[in-house]
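Participant: Shown below is the structure under consideration.
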Amino acid sequence: MERVLSKIAEVTSDPYAYVAGLKERKNKKIIGCFPMHVPEEIVHAADLIPVVIWRGNEPVTWGHAHVPPYDCGITRSFVDDAVRGKLSFMDGFVFHIRQCLQAGEFPFIMERHFKPAYQKILYLPAIYPGDPTRDFALKELESFKTSLEDFTGKMISDDSLKKSIEIYNKNRSLMERVYEIRRAKPEILKAKEVMQIVWSSMLMPKEDHNELLTELIKGMEEKSVKAQKERIKVIPVGCLCQTLQFDILDLIEDLGMIVPDDDLYIGSRYFANPVNLNGNPLKALADRYLTKTPLCPTKGVWDIHWGDEAIKRMRDNDAKGIISVRVKYCPPHTCYYPDFRSKMAEEGVPEVMIEMEHEIISLEGVKTRLQSFAETIGGV
Amino acid sequence: MDVKYKVNRLQTTNEIRPLVDKHWADLRTAKERGELVAWASGPTFIFAYAMGMKCHFMAGYSAYCGGIGAGEEVLKVAEMAGDLPETCSYHRLHMGMGEAVARGIPINPQAILPMPDLMVAGRLCPEMSHYAEGLHRRFGVRVLPIDLPAVANIEDMPRVREFVYRQFKEVVIPTIEEVCGKPFDYDRMSEILSVLKKVATLRNQCWEFFKDKPSRWTLWDYGVSIAPVFYLMGNPAGITYYEKLLKELQERREKGIPAIAPDGEKYRLYWDGWLPWAFLGKFMRKFTPHGAVVLCGRYPWEFFPHPELIDPEHPVESWADLYYGMESHLVYTFSPKGTIDLIGKLIDDYSLDGLIMFSSKTCRVMNLAQPEVIDVLDKKYGIPGVIIEGDMIDSAMISDAQIETRLQALYEMIDSRRR
């Protein structure tokens, strides 16, 4: 278990070096997939390596000349990384520009300053009623597949796509098992380690990650931990598209709380919903995208309330409260948040919102909020 | 600034306010007359109009709120109800208005609208969906959602056009028929488009007077005249309005009257992004003393610049083609490439000296890649540009000092290039 966690920490501590090395080791092209909904399986089936783009490890500098300061952290940091040449090992990019307005800037900026060998824009639809939505989602994925075939000069057969889906589904089921064990023994991993595990899945070839997870799960199953009953269980929710600062996760635990489960993008959202392997694989991928839960505020779903989902997760885990993690300048989450908060108030669920930026402004302010929240729900 | 510049106000533009006031007053009282009410975002209200519904338009309502000075008080209600300041101010205005009614908080009565029987929610930008979702969750509004993707590459247009057209035919029209309890009125939609075609043709004739040196009117004059080419669509009063405006502009040309006295503009400028509805006067006061006149812009140019392509004989197909056709692809101007194409043409057509890129802090739909756009156009045309940050409605997002400094820098860049 320690060996696996150490390897995962190594991957996530310097994703630039890891992915650049991966390209050399595997002798394959790297395609950066901007979070959150690009079906990586199609890239994988094209014999390329899909990697989910991450929020960088440095303050934004050159990027300020390309995007406004009121864009979110990953937008500014990704552009900064790209124009500074930190992503030169990437061969191409895929941007689903309909999930958020800010993503609409990337293709043009990349074309001007990065000139990737491959670039694809997806217009995946909101999940609205009617056949046109379903048909268009499928057409978008067909267009994506064709563009990759044109790039590689090789056709992607249904069989190869199904094989890729199988590998990805295995990763999802292994990740689900990690979470299952964590729910039973929340002390077994730190929240930061869990986020690193999910993040590493976004960076590593899934075959390699599956091997690590298999070893990790064995260790987790064998390891006994002493339950710390005085710790108050809380569920972090939100933080779309990007990693949460590990310091904040540590802070939650340092303040006497513990995270048995989460509703974070770099968390349970990433591996939710396996793809159906029966029938047309592209249609199955479209169906996965069109699944309404876990509710994503970028997908235009209004007949299910995110608040209800979060409360159910909290109660299923016997948790006492919810910590909303809202990325500053994330319009989908920001627009939804007042209704989420109202639902918490209606249901009497303790909830606190912390605002996260790429550059941490004041950890002390976050600490104060979390500390008072912990006290409110009966913690330290 | 030795020359004392002063705006020569147009007379005809005084006649727009009664038209606009009547539109919103009719909407406010529609339910009292037993009429069905719709709200709309994006270019979707035409379907409600065709069925005789009274219909609001998201940006139009917001502009109206800003124009009547109700923006601040409505935004305050939204904030009290939990909406966060960085949320789109159009979104906050609607939430604030709904919350004010629901909680009995007094606001300017002209800013209050009846809750709709149907919300025809076009998702041109994703935030239009967020606001419709919010209205549904908070007030139980029935929503008819339509995805209207802004297209970044022209070659993607045909497949997106097909998607949008199918939504019109298979989702929008059947739902509106169900809500109204009658078949869709294609003839009325054709009539609306016929009137629009006439109004937009007259409007284009008026645009010609921006090309005069000195210009005969300003973008702000056109800004307050937009309603007849959009949410007053189908109202023949729009034809009368633009005929009168055209006549006044012709008279100005004959008499040699410029948009600003004494002898016309020193700087001919382009305006990118939304018009700052609540601050039109404030900005005018920042331009005029310097002899600067804004002549054209991206948002005001999205209202059917090619009326010859409006085909009233095939109303639904034409509506899809106007936004997503290969000839008229209005949504393309929301992308950086489309923006560059448009501005490049405007620079040539209107002999522009500089670009003002208005970057809204709460609505990013027209902010995309603005620094890149300035750079591309400067390299190609030698025209300088600056970004000014602000908001359409929310005064908390407006910094006078920042705006003045950047405008001063723009004037100086233009001067230095002239030397």
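The values are calculated or read from the model by the stated rules, or taken from the named source; none is laboratory data. Here the structure is a predicted model, which means the values were calculated and not measured. Ideal geometry is used to build each Cβ from the backbone, glycine not excepted, and the neighbour counts take in all protein chains shown. Areas reflect the complete protein model, heavy atoms only, side chains present, ligands, DNA and RNA absent. Shrake-Rupley method; radii C 1.70, N 1.55, O 1.52, S 1.80 Å.
Participant: Looking only at the stretch B:175-186, decide whether some residue is without any contact (Cβ under 8 Å) to a residue 12 or more places away in the chain, within 11 Å of chain A (Cβ to nearest Cβ) and assigned to a helix (DSSP H, G or I).
Facilitator: No; the residues of the stretch B:175-186 include none that is without any contact (Cβ under 8 Å) to a residue 12 or more places away in the chain, within 11 Å of chain A (Cβ to nearest Cβ) and assigned to a helix (DSSP H, G or I).
Participant: In the set B:Ala78, B:Ala63, B:Ala121, B:Ala50, which member is crowded, with 22+ Cβ neighbours inside 10 Å and at pLDDT below 95? So that I can check it myself, show each step before the final result.
Facilitator: Working: B:Ala78 fails: at pLDDT below 95; B:Ala121 fails: at pLDDT below 95; B:Ala50 fails: at pLDDT below 95.
None of the others qualify; the one that does is B:Ala63.
Participant: Another one. Against the definition (out of contact with any Ser or Thr (no Cβ under 6 Å at 6 or more places or on another chain) and either farther than 22 Å from A:Pro297 by Cα or more than 10 Å from chain A (Cβ to nearest Cβ) (or both)), how does B:Pro158 come out, yes or no?
Facilitator: Details: out of contact with any Ser or Thr (no Cβ under 6 Å at 6 or more places or on another chain): yes; either farther than 22 Å from A:Pro297 by Cα or more than 10 Å from chain A (Cβ to nearest Cβ) (or both): yes.
The answer is yes for B:Pro158.
Participant: Something else about it: Select, from A:Asp91, A:Asp135, A:Asp131, A:Asp80, the only residue that is open to solvent by less than 10 Å² (accessible area, probe 1.4 Å) and either free of Cβ contacts under 8 Å to residues at least 40 places away in the same chain or not β-branched (Val, Ile, Thr) (or both).
Facilitator: Numbers: A:Asp91 fails: open to solvent by less than 10 Å² (accessible area, probe 1.4 Å); A:Asp135 fails: open to solvent by less than 10 Å² (accessible area, probe 1.4 Å); A:Asp131 fails: open to solvent by less than 10 Å² (accessible area, probe 1.4 Å).
Criteria check complete, one pass: A:Asp80.
Participant: On to the next question. Filter the stretch A:111-132 for residues that are over 15 Å from A:His96 (Cβ atoms) and of a type outside the set (Phe, Trp, Tyr) and give the result.
Facilitator: Residues satisfying the conditions are A:Glu111, A:Arg112, A:His113, A:Lys115, A:Pro116, A:Ala117, A:Pro129, A:Gly130, A:Asp131, A:Pro132.
Participant: Confirm whether B:Val195 is out of contact with any strand residue (DSSP E or B) (no Cβ under 8 Å at 6 or more places or on another chain) and either part of a helix (DSSP H, G or I) or in contact (Cβ under 8 Å) with a residue 12 or more places away in the chain (or both).
Facilitator: Values: out of contact with any strand residue (DSSP E or B) (no Cβ under 8 Å at 6 or more places or on another chain): yes; either part of a helix (DSSP H, G or I) or in contact (Cβ under 8 Å) with a residue 12 or more places away in the chain (or both): yes.
So B:Val195 passes the test.
Participant: Restricted to the stretch A:291-309, and to residues that are among the acidic types (Asp, Glu) and part of a helix (DSSP H, G or I), which residue is most open to solvent (accessible area, probe 1.4 Å)? If you could, list the steps in order and put the result at the bottom.
Facilitator: The first filter runs over the stretch A:291-309 and keeps only residues among the acidic types (Asp, Glu), leaving A:303, A:308-309.
If we keep only those that are part of a helix (DSSP H, G or I) as well, we get A:308-309.
Values: A:Asp308: 74, A:Glu309: 46 Å².
Looking at the filtered set, the residue picked out is A:Asp308.
Participant: Out of all the residues in the stretch B:133-169, which are under 21 Å from B:Met119 (Cβ atoms), touching a His at 6+ places or on another chain (Cβ under 9 Å) and open to solvent by less than 40 Å² (accessible area, probe 1.4 Å)?
Facilitator: Those that are under 21 Å from B:Met119 (Cβ atoms), touching a His at 6+ places or on another chain (Cβ under 9 Å) and open to solvent by less than 40 Å² (accessible area, probe 1.4 Å): B:Gly134, B:Leu135, B:Val143.
Participant: Any idea which residue in the stretch A:346-366 is nearest to the other protein chains (Cβ to nearest Cβ), counting only those that are over 30 Å from B:His94 (Cβ atoms) and surrounded by fewer than 17 Cβ atoms within 10 Å (Cβ to Cβ)?
Facilitator: This residue is A:Ile361.
Participant: Go through the stretch B:206-291 and tell me which helices (runs of 4 or more DSSP H), entirely inside it, have 1 or more residues that are open to solvent by 40 Å² or more (accessible area, probe 1.4 Å) and under 26 Å from B:Ser359 (Cα atoms).
Facilitator: B:280-287
Participant: Testing B:Asp348 on (1) open to solvent by less than 40 Å² (accessible area, probe 1.4 Å); (2) out of contact with any Asp or Glu (no Cβ under 6 Å at 6 or more places or on another chain); (3) of a type outside the set (Lys, Arg), one condition comes back false. Which one is that?
Facilitator: The number of the failed condition is (1).
Participant: Identify, from the list B:Leu322, B:Leu355, B:Leu330, the residue that is within 13 Å of B:Cys296 (Cα to Cα) and either at pLDDT 95 or above or within 19 Å of the chain's Cα centre (by Cα) (or both). Break it down into steps so the answer makes sense when it comes.
Facilitator: Working: B:Leu322 fails: within 13 Å of B:Cys296 (Cα to Cα); B:Leu330 fails: within 13 Å of B:Cys296 (Cα to Cα).
Going through B:Leu322, B:Leu355, B:Leu330 in turn, the sole match is B:Leu355.
Participant: Moving on to the next point. Please give the number of the condition B:Gln110 fails out of (1) touching a helix residue (DSSP H, G or I) at 6+ places or on another chain (Cβ under 6 Å); (2) more than 12 Å from chain A (Cβ to nearest Cβ).
Facilitator: (1)
Participant: Let me ask another. Spot the failing condition for B:Asp83; the list is (1) outside any helix (DSSP H, G or I); (2) open to solvent by 30 Å² or more (accessible area, probe 1.4 Å); (3) at pLDDT 95 or above, and only one is missed.
Facilitator: (2)
Participant: One residue is enough: does the stretch A:164-177 have a residue meeting the conditions part of a loop (DSSP other than H, G, I, E, B) and either farther than 14 Å from A:His44 by Cα or open to solvent by 40 Å² or more (accessible area, probe 1.4 Å) (or both)? Reasoning before the result, please.
Facilitator: Start the filter on the stretch A:164-177 by keeping residues that are part of a loop (DSSP other than H, G, I, E, B), which leaves none.
Taking every residue of the stretch A:164-177 in turn, none turns out to be part of a loop (DSSP other than H, G, I, E, B) and either farther than 14 Å from A:His44 by Cα or open to solvent by 40 Å² or more (accessible area, probe 1.4 Å) (or both).
Participant: Of the residues A:Glu111, A:Glu149, which is more than 30 Å from B:Tyr131 (Cβ to Cβ), charged (D, E, K, R), more than 7 Å from chain B (Cβ to nearest Cβ) and open to solvent by less than 40 Å² (accessible area, probe 1.4 Å)?
Facilitator: Details: A:Glu111 fails: open to solvent by less than 40 Å² (accessible area, probe 1.4 Å).
Matching residue, one of A:Glu111, A:Glu149: A:Glu149.
Participant: Within the stretch A:272-285, which residues are open to solvent by 10 Å² or more (accessible area, probe 1.4 Å) and in contact with a Ser or Thr (Cβ under 9 Å, 6 or more places away or on another chain)?
Facilitator: A:Ala272, A:Asn273, A:Pro274
Participant: From the list A:Lys343, A:Lys312, pick out the single residue that is within 10 Å of another protein chain (Cβ to nearest Cβ), in a helix (DSSP H, G or I), free of Cβ contacts under 8 Å to residues at least 60 places away in the same chain and open to solvent by 10 Å² or more (accessible area, probe 1.4 Å). Let's see the steps before the verdict.
Facilitator: On the way: A:Lys312 fails: within 10 Å of another protein chain (Cβ to nearest Cβ).
Exactly one residue qualifies, and that residue is A:Lys343.
Participant: Collect the residues in the stretch A:181-226 that are of a type in the set (Lys, Arg), part of a helix (DSSP H, G or I) and within 25 Å of A:Arg313 (Cα to Cα), keeping them in residue-number order. Quick ask: steps written out before the conclusion?
Facilitator: The initial filter retains those residues of the stretch A:181-226 that are of a type in the set (Lys, Arg), namely A:182-183, A:185, A:190, A:192, A:206, A:218, A:223, A:226.
When the remaining residues are screened for being part of a helix (DSSP H, G or I), the result is A:182-183, A:192, A:206, A:218.
Result: A:Arg182, A:Arg183, A:Lys192.
One line per residue, one yes/no per condition, for (1) open to solvent by 10 Å² or more (accessible area, probe 1.4 Å); (2) polar (S, T, N, Q); (3) outside the structural domain of B:Ser89 (by TED's automatic domain parsing); (4) part of a loop (DSSP other than H, G, I, E, B):
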site: B:Pro305; (1), (2), (3), (4): yes, no, yes, yes
site: B:Gly344; (1), (2), (3), (4): no, no, yes, no
site: B:Asp375; (1), (2), (3), (4): yes, no, yes, no
site: B:Met392; (1), (2), (3), (4): no, no, yes, yes
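Participant: Of everything in the stretch B:307-329 that's free of Cβ contacts under 8 Å to residues at least 60 places away in the same chain and part of a loop (DSSP other than H, G, I, E, B), which residue is least open to solvent (accessible area, probe 1.4 Å)?
Facilitator: The extreme case among them is B:Ser328.
Participant: If you don't mind, another one. I'm told A:Tyr70 meets every condition in (1) open to solvent by 30 Å² or more (accessible area, probe 1.4 Å); (2) hydroxyl-bearing (Ser, Thr, Tyr); (3) within 14 Å of another protein chain (Cβ to nearest Cβ) except one. Can you identify the failing condition by its number?
Facilitator: Of the numbered conditions (1) open to solvent by 30 Å² or more (accessible area, probe 1.4 Å); (2) hydroxyl-bearing (Ser, Thr, Tyr); (3) within 14 Å of another protein chain (Cβ to nearest Cβ), the odd one out for A:Tyr70 is (1).
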